[in-house]
Amino acid sequence: MLNEDDFKRWLSGEVKPERRPKSIRLTKRNTSREAIEFLWPAGIPDGLANQDIVKRVSDRLKEEGLTVPSPDTILRAAERKH
């Protein structure tokens, strides 16, 4: 529950909202990497298109109830984008 005094300090600008840590991007990439390793333990097949990788990883993360990162993040985890 929110304390009224804290809320008033926040409104007046005395308290700044917490910033998301920069490591959140790495966490999303690591989560994507784990899904990739689960789906393709021997590595991603050479002929698999990027859009197929994004779809399969997104579906896997949704099944696990996790937030799906951007396609770029998934492709970075798959080492298909730098």
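When each of Leu66, Leu75 is scored by the number of other beta-carbon atoms lying within 10 Å, the sequence from fewest to most is Leu66, Leu75.
Ranked by the mean number of other Cβ atoms within 10 Å per residue, highest first, peptides 27-36, 40-49, 56-65 order as 27-36, 56-65, 40-49.
Distance between the 7 Å Cα→Cβ label points at Glu37 and Asn3: 4.2 nm. This ranking places Val54, Val68 by how few other beta-carbon atoms lie within 10 Å of each, fewest first, which gives Val68, Val54. Taking Cα centre as origin and charging only the Cβ of basic (Lys, Arg, +1) and acidic (Asp, Glu, -1) residues, the dipole magnitude of the stretch 21-77 rounds to 320 debye.
Every number in this text was worked out from the coordinates using simple rules, so none of it is lab data. Computed from a predicted structure; not experimentally measured. Here the Cβ is made from the backbone with ideal geometry for all residues, glycine too, and neighbour counts use every protein chain on show.
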